[in-house]
There are 2 protein chains.
Amino acid sequence: MSDQQQTPHDIPDVSGRTVAVLGGTGDQGRGLARRFAVAGLDVVIGSRSAQRAQTAAEELGAGDLPIRGLENAAAAAEADIVIVAVPWEGHRELLVSLEEELAGKIVVDCVNPLGFDKQGPFALPVEEGSAAQQAASVLPRSRVVAAFHHVSAVLLLDPEVDAVDLDVLVLGDDRDATDQIRALAAVIPGVRGIFGGRLRNAHQIEAFTANIIAINRRYKSHAGIRITDV
Amino acid sequence: MSDQQQTPHDIPDVSGRTVAVLGGTGDQGRGLARRFAVAGLDVVIGSRSAQRAQTAAEELGAGDLPIRGLENAAAAAEADIVIVAVPWEGHRELLVSLEEELAGKIVVDCVNPLGFDKQGPFALPVEEGSAAQQAASVLPRSRVVAAFHHVSAVLLLDPEVDAVDLDVLVLGDDRDATDQIRALAAVIPGVRGIFGGRLRNAHQIEAFTANIIAINRRYKSHAGIRITDV
């Protein structure tokens, strides 16, 4: 699709895609699933428990929205685009177990490896450099993208919030894949998907979530970022 | 000053302060020096060569602005607030050599330890975690703050650019020091100084500059960031 682009702002059409959200019963996963479904995309919430996934889908409005719940592997198998929104603990093991189901797909890692102590949040060291690079390492047949790290689950889940004041940074080494995820981000009203660099520069985007948490504590905010002059 | 604060947005008065910019003959240093002097602060450009520092000061308008040039140690000795805008190579050695002159002062590190190869910019590993933490490690008697990493030297130096569309993230463990540097950032029209977390979370702010460079290459921009909901 990139050879059809006139400007770096152009995005492809992602309507009609099926998006799975692994770890979709957590706050961030439910928030993204809800917004994608509201935008009309076919959404599958994945969880270790199919029952919990179905319950989450129902609570998010499965009666009115195109959203359903399945066990993680089944959710991954159904989707064109798979969002990984699981806790950092268990991240590698889950992806290893789904290598077959995720082959050939765009896998969007939005996991933030963070620790917390009395002084607040801090970035955890990751052997591969970042959660996204770990995903790329264990999923050689997938097209791994890093995105959606800084979205506020509170805002995504709040039905009173129509538009979210946020740029989603989208990182990856595959131009078509990052363009599709830029388009996926832009289905959320108010959000732009901005290319944010190669996957090897994902660590600081994940770790920046620690700074956002510190900002939220100081300013009692649901902070996000906007990129200026773009 | 923090006990006089009504809100986390309040900032102290920094007018009348003397600000030294070490490495002030580089683009980032000259850009900051110019903006601080335009705002009426007393500015001293520091360089290894007093002559080069004086030349830079003259080129920035020393005849009309309160700006002069001195050798780094003399510049540091004159100032209340010292900006460290030197290249990463030589960062530690310079600070070690100025430990005495910088004692008791607010030292603002804005150095980005980056490497470049055919695939573009990337963050360099730093033994202490970040340039700012390295500064804190070698300057135990100084109050080290991290800030001004993402400012575009091009915009700061452009006399046609009245206001800069940017939030400066200010990190540190000393509330009064970070408040003063938030105020220093805010003397640049358009800029807000936003508390961005403790010094241990400085690495990702420094490394994020690699992403900004990648964004600038893709979008042909002079990108900065804004924090939303703050």
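Rule-based calculations on the coordinates, nothing more; no lab input. In this text, all values refer to a predicted model and were calculated from it rather than measured experimentally. Note: ideal-geometry Cβ built from the backbone for every residue, glycine included; neighbour counts use all protein chains shown.
Annotations
- Inter-chain Cβ neighbour average for residues B:191-203, partner chain, 10 Å: 5
- 3J(HN,Hα) couplings calculated from phi for segment B:116-129 with the Karplus curve 6.51 cos²θ - 1.76 cosθ + 1.60 (θ = phi - 60°) are, in sequence order, 9, 9, 4, 8, x, x, 8, 7, 7, x, 10, 3, 7, x Hz; Gly and Pro show x.
- For B:T228, residues with placed amide H under 5 Å, excluding near neighbours: A:G224, A:I225, A:R226
- Per-residue Karplus couplings for segment B:137-142, computed as 6.51 cos²θ - 1.76 cosθ + 1.60 with θ equal to phi - 60°, are listed in order as 5, 8, 10, x, 9, 9 Hz, Gly and Pro entered as x.
- Scalar couplings 3J(HN,Hα) for segment A:93-107, obtained by applying the Karplus form with A = 6.51, B = -1.76, C = 1.60 to θ = phi - 60°, are 4, 4, 5, 4, 6, 10, 3, 5, 5, 8, 4, x, 9, 7, 10 Hz; x denotes Gly and Pro.
- Packing rank of B:15-27, B:124-136, where each peptide gets the mean count of other beta carbons within 10 Å, highest leading: B:15-27, B:124-136
- Across the identical copies, how the A:V96 labels are spaced - nm, sorted shortest first, 7 Å along Cα→Cβ: 4.2
- For B:T18, the amide hydrogen comes within under 5 Å of the amide hydrogens of B:D80, B:I81, counting only partners 5 or more places away or on other chains and with H modelled in the peptide plane.
- Taking max minus min of the alpha-carbon positions on each principal axis, the protein assembly as shown gives extents of 70, 49, 37 Å, largest first.
- Within a Gaussian network of chain A (alpha carbon springs, distance under 10 Å), most fluctuating of A:V108, A:V170, A:V187: A:V187
- For B:G190, label point 7 Å along C-beta direction: distances to other copies, nm: 2.4
- Alpha-carbon Debye profile of segment A:18-138, log10 I(q)/I(0) at 0.23 Å⁻¹: -1.23
- Qualifying trypsin sites (Lys or Arg not before Pro) for segment B:112-163 [loop in DSSP, other Cβ within 10 Å: at most 12]: B:K118, B:R141
- For B:136-143, mean number of other protein chain Cβ atoms within 10 Å: 0
- For the residue pairs A:K105/B:K118; A:K118/B:K220; A:K220/B:K220, alpha carbon separations beyond 30 Å are given by A:K118/B:K220; A:K220/B:K220.
- If R0 is taken as 30 Å, the Cβ-Cβ distance between A:D117 and B:W88 corresponds to a FRET efficiency of 0.55.
- Local net charge near A:D13, Cβ-Cβ under 15 Å (Lys/Arg +1, Asp/Glu -1): -3
- Partner chain coverage, peptide A:212-223 - average Cβ within 10 angstrom: 5
- Amide H partners (placed H, <5 Å) of A:R143, local residues excluded: A:G104, A:K105, A:I106, A:V107
- Working from the Cα coordinates of segment B:75-230, the gyration tensor eigenvalues give, after taking √(5λ), semi-axes of 24, 19, 14 Å in decreasing order.
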